[in-house]
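Inspection log for the structure reproduced underneath, given as structure tokens.
Read-outs throughout are calculated quantities, based only on the coordinates presented, and are distinct from any laboratory measurement. A quick note: this is a predicted structure, and the numbers were derived from the prediction, not measured. Don't worry about glycine lacking a Cβ; one is built from the backbone with ideal geometry, like all the others, and counts go over all protein chains shown.
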Amino acid sequence: MKDISISTILDSMNGDTAYLTDMWENCVDEKRKRYTRSKFSDVLDKMEEFGYLKKQGYKSESTYTKLTFIDTADQIGFINNIIFTNETKIKKALVKLDSTKIFIDISKDLNAHKFNKYALKDYDLFLKSITSMLGLTSSILFTLQNNSNPELKKELKSCLNQIKEFLDETNDILMQYRGSNERIVLQRIINNKIPEPGFLKI
């Protein structure tokens, strides 16, 4: 997976509202190549999830409008809601995964693995929610770099600490009682979901 900067996505709009097609055409990678349209659309869903954009319309006629929060309380409340939602989903998945093998086979070089079909549903929920938390962390770091409001920055740092503490605890629970190969593969998968600060995975 590649990383795409949040600022690049916002700059592709050339205004407060833009069509999906125009944004996709304006947004290119470091080699001046366009991203896959479906993946670009998925990353716009993340931008909407994290409160940057509001989608209207359907498919190729979709438009996106930049959003702004009323005040610090409004923005922090929005972020805390994302955190709470993901924490709830992760805890639910962990209860099921705690005593379940996620993989039934791992290759000797650890580059290939076969999932336990009975764990796949809970694992997918877990990984999706972890990915959302990691993306939110990157989004918060972006805001910290681009905002001068001291009250907001203080609250955002508190949110970061909350996320880090929860993810550390989650990782400990997930890895507990697992074999070394399974831990290595799980950690590798999670690490691949971590975007650069101010970026999102695409």
Structure-based [θ]222 nm, the chain - -39500 (n - 2.57) summed over DSSP H runs of at least 4, per residue, nearest 500: -19500 deg cm²/dmol
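In segment 145-202, which chymotrypsin sites (Phe, Trp or Tyr not before Pro) are in a loop and have at most 12 other Cβ atoms within 10 Å, using DSSP for the loop call?
Numbers: sites: Phe166, Tyr177, Phe199; in loops: Tyr177.
Listed in order of number, the matching sites are Tyr177.
Looking at segment 20-62, which chymotrypsin sites (Phe, Trp or Tyr not before Pro) are DSSP coil and have at most 15 other C-beta atoms within 10 Å of their C-beta?
Numbers: sites: Trp24, Tyr35, Phe40, Phe50, Tyr52, Tyr58; in loops: Tyr35, Phe50, Tyr52, Tyr58.
Passing sites in segment 20-62 are Tyr58.
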Pairwise centroid distance, computed over Cα atoms, of segment 96-167 with segment 12-78, Å: 22
XL table Lys157/Lys193; Lys153/Lys201; Lys66/Lys96; Cα-Cα > 27 Å flagged, in table order, is Lys66/Lys96
Options [x] 0.94; [y] 1.13; [z] 1.00 - which one matches Rg/Rh (Cα atoms, Kirkwood Rh) as calculated here: [z]
Using DSSP to call loops (not H, G, I, E or B), can you name the chymotrypsin sites (Phe, Trp or Tyr not before Pro) in segment 71-137 whose Cβ has at most 14 other Cβ atoms within 10 angstrom? Tyr118
